[in-house]
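The structure appears below as C-alpha cells.
The values are calculated or read from the model by the stated rules, or taken from the named source; none is laboratory data. It should be emphasised that the depicted structure is a prediction, and the values quoted were computed from it without experimental measurement. Positions of Cβ are backbone-derived with ideal geometry, glycine not excepted, and every protein chain shown enters the neighbour counts.
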Amino acid sequence: MPRLPYLIPVVAFAALAVGLAFSLTNDPRRMPSTLIDKPTPRFQLASLDGKSAGLASTDLQGDVLLLNVFASWCPGCRVEHPMLLKLAESAAIPIYGLNWKDDRNDGKRWLAKHGSPYARVGSDESGRTGIDLGVTGVPETFVIDRAGRIRFRYPGPLTEDVWREDFEPLLKALRSES
Amino acid sequence: MSGRQIRRLVEALLLTSLVLTAIWSPCRAVLPDEMLQDERLETRARALGQQLRCVVCQNQSIDDSNAPLAHDLRVLLRDRLQAGDSDQQAVDFLVARYGNFVLLRPPLQWNTIPLWIGPFLALLTAVIVFGRYMRRAAGNATSPEAGPAAPLSADELKAIEVILDRRSLS
C-alpha cells in the first residue's frame, strides 16, 4: 500500500474539520448548571416594595415551576417579557422572579411599567443569591420540580421556539413524575 | 531625517509603548475599594483571582475583567478568605456554583485527559513523522528516484578501488 502515507494529511484534515464543525454547534454560553438535580440553594429575599412577601427558597417547591432571573437594566429581559406575560396569563406554569443585581426601586418601576408575570419576586440587590444559583447573566430561567430540585437552566431570553423545544417536553415529563 | 519622518517615528514609538503597557500592566481590573487591608490575604486573593474565569466574558480571569459579576466574584472571594477559608476551600466554593468551568486551569480527570496529553501526542506524532521523512530524504539523497540502492557489483567495486588508489597515490 504505497499510497497510504499520502492519505494521512487528508484523513487528519477531515478529522479536524469534523471536530471544528461540531464545535460550531456547541454554544459556550449554554454551560450546564452544576445544580442540576440538586435542591435549590437556600435563600430568603425581601420583596421589591418591602411590604408584600418576598421570595424564599422554601416557596420554590410543591409544583413544577419557573424561577426567572431578571433585571431592569437587561435588554434581553425586555425581549422575553411578553413571553413570560403570556405564560402567566394562560396559567401555564407558576413563575417566580429573582430581581438580580438591580436597585429594587428600578425593579419595581420596571414591573409596574411592563406588567408582572411573577407570583412572587425576591430582590437580590447584592447578587449573592444569583451567584449561589450559578447565574452568569440575565435573563436566565430555571425549571424547578415538585421536590424543589433544579432540573434545567436556560440562559438567555425565553422565546416561543425555546419554550416549545426545550421547556414543554421537559415540563410534561416532570409533571408525570410522581 | 525629514520632520515628517521624525514625527512618524515618534508616533510609532508612542503606539508601541501604549500597546506594551496594555499588555504588561500589573494593575488589573481590581479596584482599590475591593482590596483587603491585610496584605497577605490580598496577595492570596490576587493569586486565586487570576486562576478563576470570569463566567460572563469567558476568556478573562476575574482579576482582568471589568464585568460587574467579576467584581462581585472578587469581593466574594475576599469575603471567603477573610472568613478563614483556605485557598482550596474558596475555589471549591465557586466550583460548587459554576462548575469546573470557572477554573482557567482545568483539573486532570478522565474527561480532560485528551486536553492535557493532546499537545504532547501531537508533538510526538510530528517528531516521528519528521524523523521518518528526514531518514527517507537522507537515504534518497544520492538517487532520489530509485529506492534503496542495490549492492555494488564486483566490477563496480574494482572501479572504486582503482579510483581510491589513484587518489591516495597522487
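Restrict the check to the stretch B:88-95 and report whether at least one residue is within 13 Å of chain A (Cβ to nearest Cβ), in contact (Cβ under 8 Å) with a residue 12 or more places away in the chain and surrounded by fewer than 20 Cβ atoms within 10 Å (Cβ to Cβ). Yes, the conditions are met somewhere in the stretch B:88-95. You will find that of B:Ala47, B:Ala126, B:Ala70, the residue that is touching an Asp or Glu at 6+ places or on another chain (Cβ under 9 Å), within 12 Å of chain A (Cβ to nearest Cβ) and either over 27 Å from A:Cys74 (Cα atoms) or in contact (Cβ under 8 Å) with a residue 12 or more places away in the chain (or both) is B:Ala70 and no other.
State all residues of the stretch A:136-146 that are more than 8 Å from chain B (Cβ to nearest Cβ) and within 21 Å of A:Val162 (Cα to Cα); if no residue qualifies, say none. Break it down stepwise before answering.
Step one: list which residues in the stretch A:136-146 are more than 8 Å from chain B (Cβ to nearest Cβ), which gives A:138-146.
The answer is A:Val138, A:Pro139, A:Glu140, A:Thr141, A:Phe142, A:Val143, A:Ile144, A:Asp145.
Candidates in the stretch A:5-25 are the residues that are farther than 17 Å from B:Ala122 by Cβ and within 13 Å of chain B (Cβ to nearest Cβ); of these, the one that is modelled with the lowest pLDDT is A:Pro5.
Can you find a residue in the stretch B:117-127 that is under 22 Å from the mean Cα position of the chain (by Cα), of a type outside the set (Phe, Trp, Tyr) and more than 30 Å from A:Ile8 (Cβ to Cβ)? Within the stretch B:117-127, not a single residue is under 22 Å from the mean Cα position of the chain (by Cα), of a type outside the set (Phe, Trp, Tyr) and more than 30 Å from A:Ile8 (Cβ to Cβ). Applying the set (1) surrounded by 13 or more Cβ atoms within 10 Å (Cβ to Cβ); (2) in contact with a helix residue (DSSP H, G or I) (Cβ under 6 Å, 6 or more places away or on another chain); (3) farther than 30 Å from A:Pro139 by Cα to B:Val56 leaves exactly one unmet item: (3). Residue check: A:Pro94 meets all listed conditions (1) in contact with a Leu (Cβ under 8 Å, 6 or more places away or on another chain); (2) under 25 Å from B:Pro68 (Cα atoms) but one, namely (2). When A:Asp103 is tested against (1) buried (at least 17 other Cβ atoms within 10 Å of the Cβ); (2) within 14 Å of another protein chain (Cβ to nearest Cβ), only condition (1) is not met. Could you look through the stretch B:31-45, keep only residues that are over 31 Å from the mean Cα position of the chain (by Cα) and of a type in the set (Asp, Glu), and pick out the one that is surrounded by the fewest Cβ atoms within 10 Å (Cβ to Cβ)? Step by step, filter the stretch B:31-45, then rank; the result is B:Asp33.
Consider A:Ala56 carefully, then state whether it is among the aliphatic types (A, V, I, L, M), touching a strand residue (DSSP E or B) at 6+ places or on another chain (Cβ under 9 Å) and either buried (at least 21 other Cβ atoms within 10 Å of the Cβ) or away from every other protein chain (no Cβ under 14 Å) (or both).
Values: among the aliphatic types (A, V, I, L, M): yes; touching a strand residue (DSSP E or B) at 6+ places or on another chain (Cβ under 9 Å): yes; either buried (at least 21 other Cβ atoms within 10 Å of the Cβ) or away from every other protein chain (no Cβ under 14 Å) (or both): yes.
Considered against the rule, which asks whether it is among the aliphatic types (A, V, I, L, M), touching a strand residue (DSSP E or B) at 6+ places or on another chain (Cβ under 9 Å) and either buried (at least 21 other Cβ atoms within 10 Å of the Cβ) or away from every other protein chain (no Cβ under 14 Å) (or both), A:Ala56 comes out as yes.
Look at B:Val30 and say whether it is more than 14 Å from chain A (Cβ to nearest Cβ) and not in a helix (DSSP H, G or I). Before the answer, list the steps.
Values: more than 14 Å from chain A (Cβ to nearest Cβ): yes; not in a helix (DSSP H, G or I): yes.
Yes: the conditions hold for B:Val30.
A:Asp37 meets the conditions (1) under 18 Å from the mean Cα position of the chain (by Cα); (2) within 13 Å of another protein chain (Cβ to nearest Cβ) in every case but one. The failed one is (2).
Taking the stretch A:137-157 as the range and being crowded, with 23+ Cβ neighbours inside 10 Å and in contact with a Pro (Cβ under 7 Å, 6 or more places away or on another chain) as the test, the residues that pass are A:Pro139, A:Glu140.
Just to be sure before I move on: is A:Gly122 buried (at least 20 other Cβ atoms within 10 Å of the Cβ), touching a Phe, Trp or Tyr at 6+ places or on another chain (Cβ under 6 Å) and among the small types (Gly, Ala, Ser) in the structure I sent? No: the conditions fail for A:Gly122.
Being in a strand (DSSP E or B) and among the hydrophobic types (A, V, I, L, M, F, W, C) is the filter; apply it to the stretch A:147-162 and report the residue that is nearest to the other protein chains (Cβ to nearest Cβ). Working first, answer last.
Of the stretch A:147-162, the ones in a strand (DSSP E or B) are A:149-155.
Restricting the remaining residues to those that are among the hydrophobic types (A, V, I, L, M, F, W, C) gives A:150, A:152.
Working: A:Ile150: 12, A:Phe152: 15 Å.
By that ranking, first place goes to A:Ile150.
Residue-wise test of (1) touching a Gly at 6+ places or on another chain (Cβ under 9 Å); (2) at negative phi; (3) not basic (Lys, Arg).
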position	(1), (2), (3)
A:Lys38	no, yes, no
A:Leu48	yes, yes, yes
A:Lys51	no, yes, no
A:Leu55	yes, yes, yes
A:Gly62	yes, no, yes
A:Ser72	yes, yes, yes
A:Cys77	no, yes, yes
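When B:Arg4, B:Arg78 are checked against the criterion of being in a helix (DSSP H, G or I), out of contact with any strand residue (DSSP E or B) (no Cβ under 8 Å at 6 or more places or on another chain) and either more than 30 Å from A:Val135 (Cβ to Cβ) or without any contact (Cβ under 8 Å) to a residue 40 or more places away in the chain (or both), a single residue qualifies: B:Arg4.
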